[in-house]
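Asks: Just dropping this structure here.
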Amino acid sequence: MSASVLYEAQGPRAKARNVIYTAVFLVSVAVLLWWVYTSLDEKGQLDWSLWSPFFGSEAWTTYFLPGLKNTLLAAALSLVIALPLGAVLGIARLSDHAWVRVPATVVVEFFRAIPVLILMLFCREVYVAYTGVSSDARPLYAVVTGLVLYNASVLAEVVRAGILSLPKGQSEAALAIGLRKNQMMRMVLLPQAVTAMLPAIVSQIVVIVKDTALGGYMLAFPEMLSNATTASSYYGANIIACLTVAALIFIVVNFALTSFASWLEKRLRRGKKSTGVPLAPDGGVDQSGFGAAAN
Amino acid sequence: MQLRKITAASAAVVALALTATACGSGEKDDKGGSEGGKGKITVGIKFDQPGLGQKTPQGYAGFDVDVAKYVAKELGYSEGQIEFKESKSQDRENMLARGDVDFIAATYSINDEREQKVDFAGPYLLAHQDLLVRADDDSIKSAEDLNSKKLCSVTGSTSAQNVKQKLAPKAQLQEYPTYSACLTGLQNGAVDALTTDDSILAGYAAQDSHKGKFKLAGLELSNENYGIGVKEGSDLKAKINKALEKMVSDGSWEKAVKANFGPANYEYEPAPSIGDIKK
Amino acid sequence: MFDFLEGYDLLGAFWATVQLTVYSAIGSLIWGTLLAGMRVGPVPLMRAFGTAYVNLVRNIPLTVIILFSSLGLNQTLGVKLGGGEDFDTINFRLAVLGLILYTSAFVCEALRSGINTVPLGQAEAARALGLNFGQVLRLIVLPQAFRAAVNPLANVLIALTKNTTVAAVIGVAEASLLMNEMIENEAQLVLIGAVFAFGFVCLTLPTGVLMGLLGKKVAVKR
């Protein structure tokens, strides 16, 4: 339902009222911003010396760019591994065989229930105890494994919800023309579900990028946020400035990702008729509930 | 329809290829990155403590770094063969036990609890827990004064536990993951003092952007004997002790202290002799 | 085997986690609903604000938001949220504020997806009766949207429960802070991890199941 059906086309009185609302809202936002600005200024947080490092190349080449590289690397690896794994788990949860369905359900529910940070810590110890992964690579391995375990189970739910969102007639028709179950899944259901799942997958990518930051403080993974705090100890007490820059980079990266993904989605969707309803990023539509939500 | 299929298929192929290369590069890492490999020595330092161990655009700087470089040189490694690694406080024992680093010089105070898990060479510096206060604040004269004060320290650090359990149980304590976060509040009066070892505090007080804003209160609230941590039972301990002795006797210790703590007007203790741990 | 737990207030830490979750959930439900209202409302500036808010906040790591609320609001701007001089109270409230600011963006999106499930005719009929925008939203659309959004909101709630661990960065004494402390002092790292993982499973799994049942019960049959 588009927003406009919620209210009438506006007449002169409604328009006048809107102007008043707009003005009041604008003034209150402006007052708030002005208060933040003046107080920051008063406390010396806007001094040029705190912000000048970010306008030279030094801060970027030493702290922010290497950090960004690690953040993106960890996020890319996690996504690339979690996506197929999530698809397998999601399909397994829909299996007719209890011995496939039950373990998959347990795995998915378990890893969705635990904070990612705890998963990462756990993975690190497992790598130490049972594998020969070198200590240089270990923080990355631990971060990626933690992210994969969590996000694969979230993506499994996305896949499951995507397939369940298709009309029943699709699978009935597929069976009726004599397709086997895996043919039905591969040729009929999955291709249609993919486009329905895209928005949810995209919002999960953003979650992955943000969650790499959890590896910073506890696992000494040199990602963006921990590099930003290292920078603040070098430049002096400009931690607010450093965090602001880090936040801006995260916003830009995530915004670029979401824009690219929605372009891709449009391209995939073009000229095709899917019976699936696009799932809202936070998992509306379906009744099964899936967890591409906040983290 | 055809185009979409191709796009989807190629996306899948790319994804698979990426996974494969990821695994491939991972295996390479395994072989190349084995620790203690020939011609390399890994040293754990702090990355975010100006004056002791700080990652800077020019490389790593600080007293701990200088000590580590000297020791490495005495062990037969050139500067290019040293690999510095960040060792967070809570991770130091584990890093040694796992063999992630050969030794650690990271404001690592020797105490009984830690000595059960790792071996210490040194000590190479005697520091004290102290307070960093605003330059115009003279209200803290002794540990008792702290009970009415607002303090800041790093989450779970020895200094923080010290304050909570012994020095001033009634004091308000704000904990952050890094010391640099405490400085903002100290500057603005949200906290009254930042407490940790005076050597660390001196490094912050000496930074360009803090000159004249903060000072050390000069209370010796504890003795912190900085040692170089090595894996339990490691034969490095004796070699590092020898190197540290030489560092003091040939004047390099004095030079390194002056270079790193000089600007802070930090009244450092004279070089401790090996094995002389002040409780 | 579990004697390492002695001397630690495990239940107290998880109680703090529960409190953080409950207060933040209530706060973000309110602020998230307001945001959703702004995003579908007739005032263009508020629509723009709602959209910008959701898109900015969703893209920033929660750690940064919570650090901002402590370092920026409290330590620099002197906001104490009525906590007086007690750091524990102030930090708890700041953490709740940070969690609300962050989670409400997701609540807003979940609600919007709920609003999208309400058939057009509902709003049209309401307007035909002469209800204005506020009434349409309050009396007709939101009640149905909430019922449709129970499942996505449950996911937000579960994520929120787990996200409270981030409050540890400003020193709120909840479960993950205690875990850090225990990891530093005790040797049984894997066991400690297992204990805390179990604690979170105990908190989140029942939430998920109960909300799932609730979602089925209140779902609008169409």
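Asks: Would you mind giving the mean number of other chain beta-carbons within 10 Å of the Cβ of each residue in C:29-37, as a whole number?
Replies: 0
Asks: Helix-only mean residue ellipticity at 222 nm, chain A, DSSP H runs n ≥ 4 weighted -39,500 (n - 2.57), per residue, nearest 500. What is it?
Replies: Rounded to the nearest 500, the figure is -23500 deg cm²/dmol.
Asks: Of all DSSP beta bridges located in the protein assembly as shown, what percent are antiparallel, nearest 5?
Replies: Approximately 60 percent, going by the DSSP bridge assignments.
Asks: Per residue of region C:144-154, in order, report the coupling 6.51 cos²θ - 1.76 cosθ + 1.60 (Karplus, θ = phi - 60°) as ³J(HN,Hα) in whole Hz, putting x for Gly and Pro.
Replies: Calculated HN-Hα couplings, in order: 6, 5, 4, 5, 6, 9, 4, 5, x, 5, 4 Hz.
Asks: Taking A:K69 as the anchor, which aspartates and glutamates have their alpha carbon closer than 15 Å to its alpha carbon, excluding any fewer than eight residues away along the same chain?
Replies: Filter leaves A:D211, A:E223.
Asks: Report, as an integer, the average count of C-beta atoms from other chains found within 10 Å of each Cβ along B:205-217.
Replies: Per-residue shielding by partner chains comes out at 2.
Asks: Ranked highest first by the average count of other Cβ atoms within 10 Å around their residues, in what order do C:57-63, C:182-188 fall?
Replies: Averaged packing, sorted descending, gives the order C:57-63, C:182-188.
Asks: Could you list, in their original order, any pairs among B:K211/B:K237; A:K210/B:K55; B:K164/B:K215 whose Cα atoms are separated by more than 27 Å?
Replies: Check vs 27 Å cut-off fails for B:K211/B:K237.
Asks: Quick one: net charge around B:T56, please, counting Lys, Arg +1 and Asp, Glu -1 for every other residue with C-beta under 15 Å from its C-beta.
Replies: Neighbourhood net charge equals -3.
Asks: A further question on this structure: Pick from C:L177, C:L56, C:L101: which is most flexible by mean-square fluctuation in a GNM of chain C where alpha carbon atoms under 10 Å apart are linked?
Replies: Top of the fluctuation ranking is C:L56.
Asks: Calculate for chain C the 222 nm mean residue ellipticity that helices alone would give, adding -39,500 (n - 2.57) per DSSP H run of length 4 or more and normalising by residue count, nearest 500 deg cm²/dmol.
Replies: One gets -23500 deg cm²/dmol as the mean residue ellipticity at 222 nm.
Asks: Is the C-alpha gyration tensor of chain A telling us rounded, prolate or oblate? Criteria: a/c under 1.5 is rounded; beyond that, a/b larger than b/c is prolate, otherwise oblate.
Replies: Oblate is the answer for chain A, as a/c is 1.5 or above yet b/c matches or exceeds a/b.
Asks: Further, regarding this structure: In which sequence would C:D3, B:D64, B:D130, B:D192 go, from the one with the fewest C-beta neighbours within 10 Å to the one with the most?
Replies: So the residues, fewest neighbours to most, are C:D3, B:D192, B:D130, B:D64.
Asks: Follow-up. Could you please rank B:H128, B:H210, placing first whichever residue has the fewest other Cβ atoms within 10 Å of its Cβ?
Replies: B:H128, B:H210
Asks: Counting other Cβ atoms within 10 Å, keep those with at most 15, restrict to DSSP loop, and tell me which GluC sites (Glu not before Pro) in region B:156-257 are left.
Replies: Within region B:156-257, the qualifying GluC sites (Glu not before Pro) (loop, at most 15 other Cβ atoms within 10 Å) are B:E220, B:E232.
Asks: Compute the relative contact order of chain C as a whole-number percentage, counting only Cα pairs closer than 8 Å that sit 6 or more residues apart in sequence.
Replies: About 28 percent, as a whole number.
Asks: If each residue's Cβ is checked for other Cβ atoms within 10 Å, how do B:D137, B:D66 rank with the fewest at the top?
Replies: Ascending Cβ contact count within 10 Å gives the list B:D137, B:D66.
Asks: Between A:R124, A:R269, A:R93, which gets the highest mean-square fluctuation from a Gaussian network model of chain A, Cα cutoff 10 Å?
Replies: Among A:R124, A:R269, A:R93, the largest GNM mean-square fluctuation belongs to A:R269.
Asks: Right, another one. Quick one: which residues, 5 or more positions from B:Y108 or on another chain, have an amide H under 5 Å from its amide H? H modelled 1.01 Å from N in the peptide plane, none for Pro or chain starts.
Replies: B:G227
Asks: Given the options C:T76, C:T33, C:T161, state which has the largest fluctuation in a GNM of chain C using a 10 Å cut-off (strictly under) for Cα springs.
Replies: Of C:T76, C:T33, C:T161, the Gaussian network model singles out C:T76 as fluctuating most.
Asks: Turning to a different aspect of this structure: Determine the shape class of region A:1-115: with a ≥ b ≥ c the square roots of the Cα gyration tensor eigenvalues, call it rounded for a/c under 1.5, and otherwise prolate if a/b is greater than b/c, oblate otherwise.
Replies: The shape class here is oblate.
Asks: Taking a ≥ b ≥ c as the square roots of the eigenvalues of the Cα gyration tensor of chain C, is the shape rounded (a/c under 1.5), prolate (a/b larger than b/c) or oblate?
Replies: Oblate, because a/c is 1.5 or more while a/b does not exceed b/c.
Asks: To the nearest 500 deg cm²/dmol, what mean residue ellipticity at 222 nm is calculated for chain B from DSSP H runs of n ≥ 4 alone, each contributing -39,500 (n - 2.57), summed and divided by the residues?
Replies: Mean residue ellipticity at 222 nm (helix-derived): -11000 deg cm²/dmol.
Asks: Here's another thing I want to ask about it. Across the residues of B:182-194, average count of Cβ atoms on other protein chains within 10 Å?
Replies: 5
Asks: Give me the distance in nm between label points sitting 7 Å out from Cα along the Cα-to-Cβ direction at C:L139 and A:S259, one decimal.
Replies: 4.4 nm
A short reminder: the numbers here are calculations on the coordinates, not readings from a lab. Just so it is clear, the structure is predicted and the values come from calculations on it, not from any experiment. Note that each Cβ is placed from the backbone with ideal geometry, even for glycine, and that neighbours are counted across all protein chains shown.
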